[in-house]
1. Modelled label-to-label distance, L279 and R527, 7 Å Cα→beta-carbon offset: nm?
2. Return the carbon/sulfur percentage of the accessible area of the chain, one whole number, probe 1.4 Å, all protein chains in place.
3. Have a look at F219, H75, L30 and report the one farthest towards the positive end of the charge dipole of the chain, computed about the Cα centre with Cβ charges (Lys/Arg +1, Asp/Glu -1).
4. Can you give the accessible area of F163, probe radius 1.4 Å, in Å² rounded to 10?
5. Taking the Cα centre of the stretch 210-330 as the origin, how large is its charge dipole in debye, to the nearest 20, when only Lys and Arg (+1) and Asp and Glu (-1) carry charge on their Cβ atoms?
6. Kindly state, to the nearest 0.05, the FRET efficiency for V11 paired with V312, given R0 = 22 Å and r defined as their beta-carbon distance.
7. On a straight-distance basis, which lysines could pair with K497 in a cross-link, Cα separation under 30 angstrom, same-chain partners fewer than 8 positions away excluded?
8. What is the distance in Å between the Cα centres of the stretch 491-550 and the stretch 379-430?
Amino acid sequence: MPVRRLPPETVERIAAGEVVTRPASVVKELVENSLDAGATSVTVDVDGDGTARLRVADDGHGMSEADAELAVDHHTTSKLAEHDGIEHVSTLGFRGEALPSIAAVATLDVTTNDGGPRGTRVLVEGGETTVSPAGRATGTTVEVRKLFHNRPARHKSLSNTEFARISDVVSRYALLRPDVRFKLRHDGRDVFSTPGSGNYTDAVLGVYDRTVAGQSTTFDHETSVAIDGVDHSLRLEGVLVYPSVTRSRRDHVHVAVNGRTVGNAGLKRAIVSGYGTLLPSGREPIAVASVSLPPELVDANVHPSKDEVAFVDGDVVESAVEDAVHEALTTADLRQSGEVTMDLETTLERREEGSSFDDVTVIGQFRELYLLCEADDDLLVVDQHAAHERINYERLRAALAGSAVESALVDPPETVSLSPAEAAVADDERETLTRLGFEFSRFGGGTYRLTGLPAPLGRVADVSTFHDAVDALRAGDDPDDARDELLKDLACHPSLKAGDVLDREMAADLLGRLGECEQPFACPHGRPTVLSIEEQTFATGFGRGGTRLD
Ligand code: ADP
Ligand code: MG
């Protein structure tokens, strides 16, 4: 269909409001245009938070020169025929407002080709539209630059999570349109891509990971719903991730209605209800569900940014969705869901501060790296390296404040040579270095003889730490920061590694020392030292329904 101007009576019925509120809303409109153009591949490129530059490129049907020029005007669309109502559209767009709204607050640069020998570029900048020929294969690229340059208040109100929002928008479409190849790039780096195979599991693998995709079942369910005494067909398809992998928020329930991603809370609730008691309490599932029903039962024109749709009878649709999810999970081979997934984000919670390790019993060591321990109703998993690092770090810090770090004799002494600048630091900071456990003397020139190395908890640091220590004391404008970096480094080197076998007594000793730390729950680099799995997770996994019978 050609692009044409909507008649005033249609314009008046459009749900009014701002279309472009942030970079993510621009991306949403552009991706929807690509999908409406029948694209099989959509690539989204974003610089920074998306205001400086973002670009959406597709291999859809493109536009002719005349259409492209008209498309950037207000209320011009190719998606509504002469007598179509806007209530029951089957395309994602229908208002003809996205491109002009973007052009009003940014530079809009459209390059397109509808299959002819050459393409067209339409550039809208500062209210001026320039049309010129351009080389491009069939499809459309829309680049948006300097977004909100003329809306300083809007620009300022953006947060530092704008890219995350864009990523959500693209993920959602990638999951709900597995037949389309999506690629998201940020500052030139690939964030994710999906293969466009049409398989929902492949899309989940692209957007999430192997753990999530491997614990899921696809489903395709047709049913009929009675609305106003008439039967209508409703189809629900997608993928349900087993309740062994959950999230703490409902953000991972992705829903589309007739191909449009929507935020309808009622539909999401229906999906969660479909999981019923399979979900551990307080947890939310990961699910992708695409609902298709006759367009006359859906009104997409109820929300300015089309984030929600209205149903003629929402209750009926919701209960059909709940039943379909329930049935899909009942027939799925849930044996796999019994596996306790070691998904650090989900099943395993960081152990909260405030708890002590006094009542913890060590069960044993796993993979010569993790200590498994019993603590009331929880199974604790301690990363022995991270835990040891934390202990060493706090010891070293205390050493700097007062007592010195133990030092181990280096026999025979090691020879280390330092540059003139490093040598100056070593001499100036001799006292600090000594307190950190280094013992050394200057040979002459830049050559030093190292006779003692730090040995916190009896584990000797590498010779290379001497260099690191000197560098750390030299670098950094703030000597305290430099010292802190050094401490982290020093804490790491002599710490237990994967492959260090600990017997129960040694493990209990490590835990005891960890318990004495000021901040036992994170290593000096901020990674957790201890994760816990509630007994409830096992009960759910083994289908014990929360009761502990036998
Ligand atoms: P709407 O999507 O509501 O029609 P837009 O302002 O988003 O309004 O787009 C206006 C018109 O520009 C569309 O109707 C379509 O004809 C054309 N168009 C926009 N983006 C594309 C694209 N990526 N590929 C092909 N045509 C496009
Ligand atoms: Mg549009």
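The values are calculated or read from the model by the stated rules, or taken from the named source; none is laboratory data. Please read all numbers here as calculations on a predicted model, not as lab measurements. So basically every Cβ, Gly included, is an ideal-geometry build from the backbone, and we count neighbours across all protein chains shown. Surface areas here come from the heavy atoms of the whole protein model, side chains and all, with no ligands, DNA or RNA. Shrake-Rupley method; radii C 1.70, N 1.55, O 1.52, S 1.80 Å.
1. 3.2
2. On the way: 11910 of 25410 Å².
Carbon and sulfur: 47 percent of the exposed surface of the chain.
3. H75
4. Rounded to the nearest 10, the figure is 30 Å².
5. On the way: 10 positive and 17 negative charges, 167 e Å.
Charge dipole, the stretch 210-330, about its Cα centre: 800 debye, nearest 20.
6. Numbers: r = 24 Å, r/R0 = 1.10.
Working from the Cβ atoms, E equals 0.35.
7. Output for K497: K488.
8. Using only Cα atoms, the two centres lie 25 Å from each other.
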